[in-house]
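Coordinate-derived values only; no laboratory data. Everything numeric in this text was worked out from a predicted model, so none of it was measured. Cβ: placed from backbone, ideal geometry, glycine included. Neighbour counts: every protein chain shown.
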């Protein structure tokens, strides 16, 4: 059997197993995931990891962690394994995922990002301190990883930590990040934080230099304070585009 025929056969096996989703099909998928071969099999192994995540059986956690932690494996396979671990939802994966994002020898920022996303799906509070540590780091390797910071902020927002001042302050400090998307994500996470200072903090973002940040701040304030903030924008000394946004929200939701 040549390489192309082998890839086609294994692809069909994965598609079949993803439809069946029983323990026998899981064993087949794990065998395919753990194959070590040349470039043509990478996409098949990625498909297998995704199908494994759909089955959501804890039996798959150890093999997925093995592939995830193999720094010599292709990053696409490792990304798919991290996602599958998040969807399976077994808390056994929490500590290895935390160790991965803390590992300074991990060269793939994409794998770190997906590990953070998986931690958000797992929803375990053990992830909070390591994630906040990265946000608090003002210098060094972490400062340049904008997409990683975006993922961390999204995850902290999902965890919902009312009254946690350390998390809130880390999110608040992210509002001065040079990336507009990081600031937008921080606004959303602060909105979800249930912190007593959330609205006042977001209100300051109405003066941000970026128009999209301002719009997202308005939407967040509307979610927190209701129609009053729309009236304030429409009647106050604010840019026309922000007044237009307030008017659109009022027409859509009121």
The stretch 211-254 versus the stretch 2-67: alpha-carbon centroid distance in Å: 48 Å
C-alpha long axis of helix 211-225 to longest principal axis of the chain, angle in °: 80 degrees
Binned Cα-Cα distances of the chain, short to long, each 5 Å bin given as a whole percent: 1, 6, 13, 14, 13, 12, 10, 9, 8, 7, 4, 2, 1, 0, 0
Among 218, 156, 35, residue whose mean-square fluctuation peaks in a GNM of the chain (springs only between Cα atoms under 10 Å): 35
Computed [θ] at 222 nm, helices only, for the chain once each DSSP H run of length n ≥ 4 contributes -39500 (n - 2.57): -21500 deg cm²/dmol
Mean Cβ count within 10 Å, highest first, over the residues of peptides 71-80, 189-198: 189-198, 71-80
Prolate/oblate/rounded call for the stretch 1-123, Cα gyration tensor, a/c under 1.5 rounded: oblate
Sites residue 250 and residue 105 - FRET efficiency at Förster radius 51 Å, r taken between beta-carbons, to 0.05: 0.45
By average C-beta atoms within 10 angstrom, highest first, the peptides 40-48, 224-232, 81-89: 81-89, 40-48, 224-232
Hydrodynamic radius by Kirkwood, which averages 1/r over all alpha carbon pairs of the stretch 158-224, in angstrom: 11.5 Å
Global geometry of the stretch 140-254, whether rounded, prolate or oblate, following the gyration tensor of its Cα atoms and the 1.5 cut on a/c: prolate
Helix axis angle, 109-122 relative to the chain longest principal axis, alpha carbon, degrees: 80 degrees
